[in-house]
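Worksheet: the structure to be examined is printed underneath.
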Amino acid sequence: VWYVDENVDSDKCYPQIVEAAQLLKQNEVIAFPTETVYGLGGNALSEKAVAKIFEAKGRPADNPLIVHVASRPHVEKLVTTIPKQADQLMNAFWPGPLTIVLPGGESVASNVTAGLDTVAIRMPDHPVALALLTAANLPLAAPSANLSGKPSPTSAQHVIHDLDGRIAGVVDGGSTGVGLESTVVDCSGDIVTILRPGGVTKEQLEEVVGEVKIDPALSDDGHQPKSPGVKYKHYAPTAPVTLVDGSYSFIQQIVDKRRAEGLKVGVLATEESKELLSADVVIPCGSKEELITVANRLYDVLRKFDESNVDEIYSEVFTHEGVGAAVMNRLSKAANNRIIKE
Ligand code: TXA
Ligand code: MG
């Protein structure tokens, strides 16, 4: 573990970052903080390095990786063209929690793109990530640094919990800001399409490029998603999660019934409900009125339920507006789409 202040100056030289960058150049894999979640980075130009990422995470080989860059010239080397809308989005949101799928990808290792003729690229908005990318002077393929299927890591402790002994090291830059993965948009067609909701909202994208579509696979199981990762069960704690869309008394009835049957029950609550609901374990995840805080805490809360050994978890639901779209997308996946409506 290399400890680095989260406010490093990305132009200066830090021995910890130089050491981590050296290992990346030797095709080892290293976890590092970004503003969304921790990533597990490896040289995107090396088949061997990328294979180590898939192996450490236990990730299915048909799920392509995001390539992280620190500067625009790196992007130009990785794609065949930069469509106008992609250029506008990069100018508006980079560095930041937006991943852009572009035509090309022949110049990265073939296992990065899992055989697709597009490549997903993002410039992270985190001084430590930018410093590491600059020091390594390589594009870094980096999925979230969790075991496949587990909630993404928002702290170095989460990474160590999942990947200790499986990777060459972790750069610990404290906990991440956004707390959910980047928004993934496809810019290889005519209309910009959201493949995965995240920190940048549909409304924000529309202000820059006009009409934005949402991949129909996000709301309908009949469609094949364009973003392969979206089809997997994900972000899940060990105990089954069920969303409950109803009043506090309705949620309480369900919890009471299951506890009467002898189960240890957890509730993912809000600031508003934490005193009103009773269960074996009640963990608030922020205020219903402050979705940015809910996003920031969600994965940590899901992991806390694992530590508390509950048998079942019931979760409140949130608005689908703004960042709520990303929060509800991740919660629905954690719940494998189980929802009870009053
Ligand atoms: O915030 C993030 O995006 C974090 C940090 C580390 O940057 N990374 C992350 O990576 O969430 P990962 O591997 O967990 O998710 C990558 C997503 C997957 O859903 C994958 O299928 C999709 O991006 N993806 C990658 N390349 C793609 C491509 N060429 N076309 C469509 N989807 C792609
Ligand atoms: Mg992931």
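No value in this document is a laboratory result; all are computed from the given coordinates. Since the model is a prediction, treat every value here as computed from it, not as a measurement. Neighbour counts run over all protein chains shown; Cβ positions are idealised from the backbone, glycine included.
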Measuring from its Cα centre, the range 71-143 shows a charge dipole (+1 at each Lys and Arg Cβ, -1 at each Asp and Glu Cβ) which, in debye to the nearest 20, is 100
One checks the Cα atoms of the range 1-103 and finds Rg and Dmax, in Å, of 15.0, 41
Relative to the chain, whose Cα atoms define the longest principal axis, helix 291-307 and its Cα axis are tilted in degrees, nearest 10, by 70
S107 neighbourhood, Cβ < 14 Å, K/R = +1, D/E = -1, net charge -3
Ranked from fewest to most other Cβ atoms within 10 Å of their own Cβ, R196, R122, R330 fall in the order R196, R330, R122
With no solvent term and unit scatterers on the alpha-carbon positions of the range 47-181, Debye gives log₁₀ I(q)/I(0) at q = 0.17, 0.19 Å⁻¹ of -0.97, -1.22
Spelling it out for I66: with amide H atoms placed in the peptide plane at 1.01 Å from N, the residues 5 or more places away or on another chain with amide H under 5 Å from its amide H are A142
With +1 at each Lys and Arg Cβ and -1 at each Asp and Glu Cβ, the charge dipole magnitude of the chain around its Cα centre, to the nearest 20 debye, comes out at 780
DSSP beta bridges in the chain: the antiparallel percent, rounded to 5, is 35
Output ordering of 279-287, 321-329, 200-208 (per-residue mean of other Cβ within 10 Å, highest first) is 321-329, 279-287, 200-208
By the Kirkwood definition, with r running over pairs of different Cα atoms, the chain has a hydrodynamic radius in Å of 20.4
Computed over the chain: longest principal axis from alpha-carbon atoms vs helix 84-93 long axis, angle to nearest 10 degrees, is 70
Which of K48/K84; K57/K84; K25/K202; K202/K333 exceed 31 Å between C-alpha atoms? The answer is K48/K84; K57/K84; K25/K202
Rounded to two decimals, the Debye log10 I(q)/I(0) of the range 218-342 (Cα scatterers, no solvent) at q = 0.22 Å⁻¹ is -1.37
Per the Cα gyration tensor, the range 279-342 corresponds to an equivalent ellipsoid with semi-axes, largest first in Å, of 19, 14, 11
When Y314, Y3, Y14, Y248 are ranked with the fewest other C-beta atoms within 10 Å first, the list becomes Y3, Y248, Y14, Y314
Magnitude of the Cβ-charge dipole (Lys and Arg +1, Asp and Glu -1) of the range 196-307 about the Cα centre, nearest 20 debye, reported as 500
